[in-house]
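Comments concern the structure below.
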Amino acid sequence: MKQRLVLIGNGMAGVRTLEELLKLAPDRYDITVFGAEPYGNYNRILLSPVLAGEKTIEQIMLNDEQWYVDNGITLHEGKQVTAIDRTKRIVRAADGTEEKYDRLILATGSMPFIIPIPGKDLPGVVAFRDIQDVDRMLAAASGKGHAVVIGGGLLGLEAANGLLKQGMRVSVVHLLDTLMEKQLDKPAAGLLKRSLEERGLNFLMGAQTEAILGKDKVEAVRFKDGLEIPADLVVMAVGIRPNAELAKQVGLHCERGVVVNDTMQTFDPRVYAVGECVQHRGDTYGLVAPLFEQAKVCANHLAELGYARYEGSVTSTKLKVTGIDLFSAGDFQGDDSTEEMVLQDPGRGVYKKVVVKDNRIQGAVMYGDTIDGSWYFQLMRDNTDISGFRDNLLFGQAHLGDSGHGDDNRVAAMADSAEICGCNGVCKGDIVKAISDKRLFTLDEVRAHTKASSSCGSCTGLVEALLAHTLGGEYSQTPSKKPLCPCTEHNHDELRTAIRAEGLKSVRAVMDHLNWKTEDGCPKCRPALNYYLLCQWPGEYKDDNQSRFINERVHANIQKDGTYSVIPRMWGGETTPKELMAIAQIAEKWNVPTVHVTGGQRIDLLGIKKEDLPGIWGDLSEAGFVSGHAYGKAIRTVKTCVGKTWCRFGTQDSTQMGIDLEKLTWGSWTPHKFKLAVSGCPRNCAEATIKDFGVVCVDSGYELHVGGNGGVKVRATDFLCHVKTEDEVKEYCAAFLQLYREEAHYLERTAPWVERVGLAYIKDRVVEDAENRAALAERFGLSQQFAQVDPWKARAEGLDAHEYSPLKRVG
Amino acid sequence: MQQAEKTMVENNWIDVGQVSDIPKLGARVVRTKDGDIAVFRTADDEVFALRDQCPHKGGPLSQGIVHGKRVACPLHDWKIHLDSGLAVAPDEGCAARFPVSVEDGRILLSLTPDEGCPNSNAPKV
């Protein structure tokens, strides 16, 4: 028999938990839901646009009644649960309805805080919490008149804006002298107030409400200082508090909210709690993102998977008032131990403040120009060391020149014919049209429909800005926690952790264990999983050919006409007449149409038919060449200059250093391609400062540089450290490479990886911590024992022969 | 010539090999004078055959990653339905489909493409 699961509270957090659970274990439970409101589940955060007349109730419904039917869920609408018998495991509603449970979820949400003053119960005094409140406000607004909103926080201002749009005159009363003091500092609050005043809102700051006056209904509001103002409607929006009444009544441990652990369990292990009613590690949450994270964790445990943990959330705020751009996150006030970076441009109505401690962002508040809000938020959540770009931080991500991150105004000003995506030739007009005609909401959808930003990705920021601009408030960015691909809920880091912790050793095992949503994955997740497994279990994991992109599967680079290119390794970019003659003879023998010298100091033989690959490899192998891995997410080349052997400026033997590094690292698979270079002096002829790992020889030893690349977004390396000996260069190189192999996301080059985790972190692991450096280098060495096998020789000798011959020839 | 074999030849059907000659989630090519035909094998051993030319820019579909009943073109990552030859929406296009059947583990392929693929004459590259 199925277990019985009862959910008390038919709101966003509770129902999201069910949705997550149904994805993981659709048949585990018989599910029953009690909801006090007589509706399905709706999007409470969009009540403000409903009040403002920008949306209808239908548009904000998340799960209509049919959804419950379709999923076999019993819904008790409009029934408030008043008792729980935890011994017999029975839930009882006010009307006598009873349900038994094996597992119970409390998602009772929050209650508006009503100030205990005379007149608070008069008709015409409303809170701003549910559809009923909105209906009451709309009814009152139809008679126009004057509304008084008590509370100048997020909720109060959204209510005031809505009522103003409905044609009422509106006064906002706030106890303090700063609006939204929990989300804004004084300068930002001042800008906000001015802009709202321009729209027609009236403010009474520092005003303490003493009584609401009226006989049969609201007539006026009186303040401590004796002032009285007339009112036809009073909205109490001073805050919310967790609704833990039921939990308290049945003896569950509560403080401000229902206390839960990291698995969302209350002190009764059969009872879980999620949402605004919860208190977790001392914090309560009233924003939607943390509630959804909680829902995910709770569902994971209800499905008895048992590996997810909720560790608290960092939240950010955006005000949903059309035309006002405002963002805040984290600790934006700062204190004696923090530094503040401020940009103020009163002319443009722009204010930005970023609070920094030890080169890490603690919080940010922005007004007027919030395009970089999600970037700061991401840097804050990832705890990224910002020392590398501190001087440009306030000017935004666009100013780093690394991602073409556009801004809203910039895209708004662009002509429809302006090209956004250079790879696929997609113009602004095409994108905007696709977004509105096809009702696209996410970056992935825009990519699928228009191809914009689906190739090199450098215009991603512009496309996101276009989405935000076209959709207005409907577009929500979701920083971090992005799943690897639509086949799974898990992100890169979670997958790597699961592979390691659960000892998963095949692509199939990962997909089965982590409830993949597709039969056998997709071209995004399979190669990623294959790499993660290969990296985690060297020597043990058997490479899955079919999860390799064609180039890596057949060890050559596919060209536009279906032929392949072959690039043999030339250690450190050095060659000999004998080698060159061998290459020349082989190229003639196989009628190679084009021979080209590459940027990485190699010779590229182009236009090879697939069937000819094993033959040409056999010849190359006989002449002493191995694969150059120019086709792989792998160690590509080590480029060098001639160094002190010949050059009058050379300080060290850079060529030999390059050869040694290439012999050390070749054959290794990496998250993305990895290039090295060694320059013999700071003139840097080998261009070591735009490589993933670059060495610049100096008289006193070697400077090591990391995280550079040429290509779409040129990024110069960061200086890692200076070392004295050749052996140190090799150890540091192996350690850095292994750290990248173990921790970067698949298809993330070193440049974005270094920016994501911060150079300081990499220095910590590779430079400061000698023990860890040695351990990393040792793990790299172990993995190389199995990796340094020439794939060309093996295939020339017959491995994977089916790849290189047709199934059949006809006629 | 055996009678059965003769009928096969008349209908332009040929035996191209065993299912096990193609890796699971992989493909092999049948080379004909009218161009290559890609023969795919899915995870549960279903076999499909399509003109080895992506409707986008003619990429060799046989070299792509097979997932479910789809293949991703190796050149620009268009996804093509193996059973219909149609590009996965929102992309539009079609790779001609060839009738194929499996008998006793052997693959029989017709060299006459199904009709109904409007763009079966994909641009030659």
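The values are calculated or read from the model by the stated rules, or taken from the named source; none is laboratory data. Keep in mind the model is a prediction, meaning the values are calculated, not measured. Using ideal geometry, Cβ is built from the backbone for each residue, glycine included, and neighbour counts are taken over all protein chains shown.
Quick one: would you say A:Lys763 is crowded, with 22+ Cβ neighbours inside 10 Å, outside the structural domain of A:Phe389 (by TED's automatic domain parsing) and free of Cβ contacts under 8 Å to residues at least 60 places away in the same chain? Here the answer is no, as A:Lys763 does not meet what is asked.
Here the stretch A:37-59 is the region considered, the condition is being in a helix (DSSP H, G or I) and in contact with an Asp or Glu (Cβ under 8 Å, 6 or more places away or on another chain), and the residue that is nearest to A:Ala289 (Cα to Cα) is A:Arg44.
Name the residue, out of B:Ile22, B:Ile14, that is more than 28 Å from A:Ala434 (Cα to Cα), at pLDDT below 95, touching a helix residue (DSSP H, G or I) at 6+ places or on another chain (Cβ under 9 Å) and facing chain A (nearest Cβ under 9 Å).
Numbers: B:Ile22 fails: at pLDDT below 95.
That would be B:Ile14, the only listed residue that is more than 28 Å from A:Ala434 (Cα to Cα), at pLDDT below 95, touching a helix residue (DSSP H, G or I) at 6+ places or on another chain (Cβ under 9 Å) and facing chain A (nearest Cβ under 9 Å).
Checked against the criterion of being closer than 24 Å to A:Cys535 by Cβ, outside any strand (DSSP E or B) and out of contact with any Cys (no Cβ under 7 Å at 6 or more places or on another chain), the stretch A:709-724 contains one or more residues that satisfy it. For A:Gly711, the conditions (1) under 30 Å from the mean Cα position of the chain (by Cα); (2) buried (at least 17 other Cβ atoms within 10 Å of the Cβ) are fulfilled apart from (2). Can you confirm whether the stretch A:523-541 contains a residue that is within 8 Å of chain B (Cβ to nearest Cβ), surrounded by fewer than 22 Cβ atoms within 10 Å (Cβ to Cβ), closer than 29 Å to A:Ile608 by Cβ and more than 29 Å from the chain's Cα centre (by Cα)? No: the stretch A:523-541 contains no residue that is within 8 Å of chain B (Cβ to nearest Cβ), surrounded by fewer than 22 Cβ atoms within 10 Å (Cβ to Cβ), closer than 29 Å to A:Ile608 by Cβ and more than 29 Å from the chain's Cα centre (by Cα).
For every residue, the table says whether it meets (1) among the basic types (Lys, Arg); (2) touching a residue at least 60 places away in the same chain (Cβ under 8 Å); (3) outside any loop (DSSP other than H, G, I, E, B).
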residue: A:Gly572; (1), (2), (3): no, yes, yes
residue: A:Asn591; (1), (2), (3): no, no, no
residue: A:Gly600; (1), (2), (3): no, yes, no
residue: A:Leu613; (1), (2), (3): no, yes, yes
residue: A:Ile616; (1), (2), (3): no, no, yes
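Taken over the stretch A:430-470, the residue count meeting the criterion of being part of a loop (DSSP other than H, G, I, E, B), over 17 Å from A:Ser417 (Cα atoms), out of contact with any His (no Cβ under 7 Å at 6 or more places or on another chain) and at the interface with chain B (Cβ under 10 Å from one of its Cβ atoms) is 2. Considering every residue within the stretch A:184-200, establish whether at least one is within 21 Å of A:Gly239 (Cα to Cα), in the same structural domain as A:Leu227 (by TED's automatic domain parsing) and more than 35 Å from the chain's Cα centre (by Cα). Scanning the stretch A:184-200, I find no residue that is within 21 Å of A:Gly239 (Cα to Cα), in the same structural domain as A:Leu227 (by TED's automatic domain parsing) and more than 35 Å from the chain's Cα centre (by Cα), so the answer is no. The residue pairs whose first member lies in the stretch B:110-122 and is among the hydrophobic types (A, V, I, L, M, F, W, C), whose second member is modelled with pLDDT under 55, and whose beta carbons are closer than 9 Å, counting only pairs six or more residues apart or on different chains, do not exist in this structure.
Within the stretch B:31-82, restricting attention to residues that are of a type in the set (Val, Ile, Thr) and crowded, with 24+ Cβ neighbours inside 10 Å, which residue is farthest from the other protein chains (Cβ to nearest Cβ)? Write out each step before concluding.
Keep residues of the stretch B:31-82 that are of a type in the set (Val, Ile, Thr), which gives B:32, B:37, B:39, B:42, B:47, B:65-66, B:71, B:80.
When the remaining residues are screened for being crowded, with 24+ Cβ neighbours inside 10 Å, the result is B:37, B:39, B:65-66, B:71, B:80.
On the way: B:Ile37: 9, B:Val39: 6, B:Ile65: 4, B:Val66: 7, B:Val71: 9, B:Ile80: 12 Å.
In this case the residue turns out to be B:Ile80.
Name the residue, out of A:Leu163, A:Leu175, that is crowded, with 22+ Cβ neighbours inside 10 Å, modelled with pLDDT of 90 or more and outside the structural domain of A:Val365 (by TED's automatic domain parsing). I'd like the intermediate steps shown before the answer.
On the way: A:Leu175 fails: crowded, with 22+ Cβ neighbours inside 10 Å.
Only one candidate qualifies: A:Leu163.
Working only within the stretch A:434-459, note down all residues that are hydrophobic (A, V, I, L, M, F, W, C) and touching a strand residue (DSSP E or B) at 6+ places or on another chain (Cβ under 8 Å).
In the first step, residues of the stretch A:434-459 are kept if they are hydrophobic (A, V, I, L, M, F, W, C); the result is A:434-435, A:440-441, A:443, A:446, A:448, A:452, A:456, A:459.
The answer is A:Ala452, A:Cys459.
Of the residues making up the stretch B:83-109, not one is more than 10 Å from chain A (Cβ to nearest Cβ), more than 15 Å from the chain's Cα centre (by Cα) and β-branched (Val, Ile, Thr). A:Val507 - would you say it is within 13 Å of chain B (Cβ to nearest Cβ), touching an Asp or Glu at 6+ places or on another chain (Cβ under 8 Å) and of a type in the set (A, V, I, L, M)? In short, yes.
Kindly indicate whether A:Val729 is among the β-branched types (Val, Ile, Thr) and part of a helix (DSSP H, G or I). Yes.
Among residues belonging to the stretch A:783-811 that are more than 14 Å from every other protein chain (Cβ to nearest Cβ) and exposed (fewer than 13 other Cβ atoms within 10 Å of the Cβ), point out the one that is farthest from A:Tyr564 (Cα to Cα).
Start the filter on the stretch A:783-811 by keeping residues that are more than 14 Å from every other protein chain (Cβ to nearest Cβ), which leaves A:783-798.
Right, trim to exposed (fewer than 13 other Cβ atoms within 10 Å of the Cβ) and you get A:785, A:789, A:797-798.
Values: A:Gln785: 28, A:Val789: 21, A:Glu797: 19, A:Gly798: 19 Å.
Ranking the qualifying residues of the stretch A:783-811, first place goes to A:Gln785.
If the condition is being within 14 Å of chain B (Cβ to nearest Cβ), out of contact with any Leu (no Cβ under 7 Å at 6 or more places or on another chain) and under 21 Å from A:Glu662 (Cα atoms), then the stretch A:552-583 contributes A:Glu552, A:His555, A:Asn557.
Confirm whether A:Glu77 is acidic (Asp, Glu), in contact (Cβ under 8 Å) with a residue 60 or more places away in the chain and surrounded by fewer than 18 Cβ atoms within 10 Å (Cβ to Cβ).
Yes: the conditions hold for A:Glu77.
When B:Pro113, B:Pro118 are checked against the criterion of being surrounded by 15 or more Cβ atoms within 10 Å (Cβ to Cβ) and modelled with pLDDT under 95, a single residue qualifies: B:Pro113.
Against the numbered list (1) surrounded by 14 or more Cβ atoms within 10 Å (Cβ to Cβ); (2) closer than 29 Å to A:Gly373 by Cβ; (3) of a type outside the set (Ser, Thr, Tyr), A:Lys186 comes up short only at (1). Pick from the stretch A:263-277 the residues that are more than 9 Å from A:Ile105 (Cα to Cα) and touching a residue at least 60 places away in the same chain (Cβ under 8 Å): which of them is surrounded by the fewest Cβ atoms within 10 Å (Cβ to Cβ)? Per the criteria, the residue is A:Asp268.
Working carefully through the options A:Leu62, A:Leu22, find the one that is more than 27 Å from A:Arg256 (Cα to Cα), in a strand (DSSP E or B) and within 30 Å of the chain's Cα centre (by Cα).
Values: A:Leu22 fails: in a strand (DSSP E or B).
Within the list A:Leu62, A:Leu22, the selection yields A:Leu62.
Taking the stretch A:618-645 as the range and being part of a strand (DSSP E or B), over 17 Å from A:Gln788 (Cα atoms) and not polar (S, T, N, Q) as the test, only A:Lys639 passes.
The rows are residues; the columns are (1) under 28 Å from A:Arg779 (Cβ atoms); (2) not in a helix (DSSP H, G or I).
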{"residue": "A:Gly650", "(1), (2)": "no, yes"}
{"residue": "A:Ile659", "(1), (2)": "yes, no"}
{"residue": "A:Gly667", "(1), (2)": "yes, yes"}
{"residue": "A:Pro671", "(1), (2)": "yes, yes"}
{"residue": "A:Cys685", "(1), (2)": "no, yes"}
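Those helices (runs of 4 or more DSSP H) of the stretch A:733-811 in which at least 1 residues are more than 21 Å from A:Val696 (Cα to Cα) and among the aliphatic types (A, V, I, L, M), considering only elements entirely within it, cover A:750-757, A:770-787, A:791-796.
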